[in-house]
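Down below is the structure, laid out as structure tokens.
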Amino acid sequence: MPILTLFKHLRDDVVSMTKRPVLTPLLLLALCAPPALAQDAPTPAAPATEPVTIFPHPDAARYFVAGQANIILQGHTPFHSPYEGDNSFLSRGEYKTSLVGTLFMGFQVVRNPRWATDILVDEESAGGRGDSEALGLAGFTNLDVVRNPSLGSTPYLARYELHQVIGLSSKNVDVERTPFSLETSLPERRLEFHFGKMGLPDFLDQNSIGTDSHLQFLNWTTDNNGAWDYAADTRGYTTGMVAEYTDHAFTLRYALAMLPTVPNGIDLDTSFRRASGQNWELEHRHEALPFLPKRKGAVRLLGYRNQANMGVYRTQNQLFLAGKTATPDIDAHALHPTVKYGFGLNAEQELTENLRIFGRFGWNEGQHESWAYTEVDQTIEFGGDYAMKDLLHRANDKAGIAFVTNAIKRDHQAYLKLGGKGFILGDGNLDYAREDILEGYYNLHAWRGVFYALDMQFIEHPGYNQARGPVPVGSIRMHVDF
């Protein structure tokens with residue numbers, strides 16, 4: 001398909017929005033869908049009901065068995081770097097491959113929607129490595145990478161959960177069956193509880209445009225709120241509970257979970273009194289807006305409070321400047337539980353049948369060390385995706401683009417400038433600037449549950465250091481849903 005024809009189709013899809021002044025700034029996003037990938041796209045139309053898994057998953061079955069494999073080849077070219085430290089993103093060219101495979105299993109113990117009970121178990125293997133061993137970037141470029149490569153690819157129990165529903169109304173509504181909830185119909189007003197080992201992003205900070213590294217974006221701070229230092233071990237899982245109250249247009253969630261014993265550690269602290277992560281989220285869904293009739297959207301407000309043996313950046317800076325330590329060391333302090341807190345905002349909105357936009361904002365107090373996710377104290381993100389259903393007559397192809405800008409607070413900046421290291425960052429020096437990331441992808445549905453994607457990321461000021469970079473990172477992904 002000629003490039004001019006591609007842009008004409010996209011222009012026609014959004015031209016009606018120009019009559020609404022409030023939407024005019026969003027047209028730039030609509031024109032950013034990568035055109036080059038369309039030139040070699042197949043022309044036959046794919047049926048809307050084309051399967052997207054290798055094997056069928058009957059909704060009526062009491063059991064649930066599914067699997068996925070995600071393979072990512074990622075690399076970058078050499079880039080400008082006058083110096084490097086132990087935790088730097090390496091300036092020489094490199095490439096690495098990661099592989100994550102998951103087996104999802106579930107059984108409906110009670111099928112009555114009002115008192116539904118599920119048992120869920122997932123086995124997983126995560127192999128391969130990330131560029132620079134997943135160091136040197138606050139917004140690292142591959143969400144599938146385990147940050148401790150010494151763990152290897154030996155399969156492990158990723159999740160085991162008890163899911164309990166308590167219906168509070170007689171009216172039932174249709175819901176989508178997922179690996180975390182096996183019901184297809186539930187009371188419109190209900191309580192749900194999840195107990196066991198889980199990933200908190202399975203339930204909180206969800207976004208249908210920017211959450212899934214298997215079919216969407218790849219960057220840590222594109223798929224998740226980088227300022228949300230959520231409770232998790234090195235592999236991204238924790239043990240705890242999530243409670244949800246759902247009514248027609250909103251859901252209120254609360255999560256209590258274990259934190260690792262050391263920053264980004266594999267072992268969790270089993271004492272909730274000594275260490276824990278508490279999370280709250282309010283989600284509001286709407287079916288239309290005054291200027292966007294019949295277009296769905298959602299807004300989510302997230303808050304969290306972590307208590308753990310976290311160091312204070314300012315204290316370690318002062319000890320170093322007073323000559324009491326050889327280098328600033330955020331972990332060199334007496335055992336003393338401290339509190340870190342923050343909040344996030346997450347929104348998504350349909351603009352047309354094919355075009356959607358989303359955004360995130362995140363903030364934490366930044367005085368206490370980054371503990372579980374990554375070294376971000378503030379993040380701003382906006383982007384969107386475009387379905388190729390009409391444009392290329394490919395029902396399951398999609399293109400997306402997003403921009404993320406991350407920041408850290410002054411004491412955190414000073415700590416890195418003085419030569420301190422976190423569990424992600426540490427160039428040995430720092431000429432501070434915000435870390436800016438532009439990411440785009442095209443996800444192509446090849447056959448049934450087989451998808452291929454091209455992803456490109458451009459990182460300005462890697463690790464918040466304007467003395468280094470910029471660096472482009474390219475990826476090829478193959479994803480299979482069984």
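The values are calculated or read from the model by the stated rules, or taken from the named source; none is laboratory data. All figures in this text were calculated on a predicted structure; none of them were measured in a lab. All Cβ positions, glycine included, derive from the backbone under ideal geometry; neighbour counts span all protein chains shown.
Of the residues Asn406, Asn443, Asn465, the single one that is of a type in the set (S, T, N, Q), touching a strand residue (DSSP E or B) at 6+ places or on another chain (Cβ under 8 Å) and farther than 21 Å from Ala138 by Cα is Asn443. Taking the stretch 62-95 as the range and being farther than 27 Å from Glu439 by Cβ and at pLDDT below 95 as the test, no residue passes. Look at the stretch 301-326: where a residue is without any contact (Cβ under 8 Å) to a residue 24 or more places away in the chain and more than 18 Å from Ile408 (Cα to Cα) and a partner is part of a helix (DSSP H, G or I) and aliphatic (A, V, I, L, M), sitting 6+ places away or on another chain with Cβ atoms under 9 Å, you get Thr325/Leu319. Restricting attention to the stretch 327-355, the residues that are charged (D, E, K, R) and closer than 27 Å to Asn225 by Cβ total 4.
Counting only strands (runs of 3 or more DSSP E) that fall entirely inside the stretch 118-237 and contain at least 1 residues that are among the hydroxyl-bearing types (Ser, Thr, Tyr), modelled with pLDDT of 95 or more and touching a strand residue (DSSP E or B) at 6+ places or on another chain (Cβ under 9 Å), the qualifying elements are 156-167, 185-187. In the stretch 437-479, the qualifying residues are those that are of a type in the set (Val, Ile, Thr) and buried (at least 19 other Cβ atoms within 10 Å of the Cβ), and the one that is farthest from Lys409 (Cα to Cα) is Val473. Restricting the first member to the stretch 84-98 and to residues that are in contact (Cβ under 8 Å) with a residue 60 or more places away in the chain, and the second to residues that are in a loop (DSSP other than H, G, I, E, B) and among the hydroxyl-bearing types (Ser, Thr, Tyr), the beta-carbon pairs closer than 7 Å and six or more apart or on different chains are Glu84/Ser91; Ser91/Ser81.
Considering Ile408, Ile437, the condition of being at pLDDT 95 or above and closer than 10 Å to Tyr464 by Cβ is satisfied by Ile408 alone. Restricting attention to the stretch 331-341, does a residue exist that is surrounded by fewer than 20 Cβ atoms within 10 Å (Cβ to Cβ), at pLDDT 95 or above and either within 22 Å of the chain's Cα centre (by Cα) or more than 29 Å from Phe272 (Cα to Cα) (or both)? Checked against the condition, which is being surrounded by fewer than 20 Cβ atoms within 10 Å (Cβ to Cβ), at pLDDT 95 or above and either within 22 Å of the chain's Cα centre (by Cα) or more than 29 Å from Phe272 (Cα to Cα) (or both), the stretch 331-341 yields at least one hit.
Whether a residue is hydroxyl-bearing (Ser, Thr, Tyr), part of a helix (DSSP H, G or I) and buried (at least 22 other Cβ atoms within 10 Å of the Cβ) was assessed, and Tyr415 passes this test.
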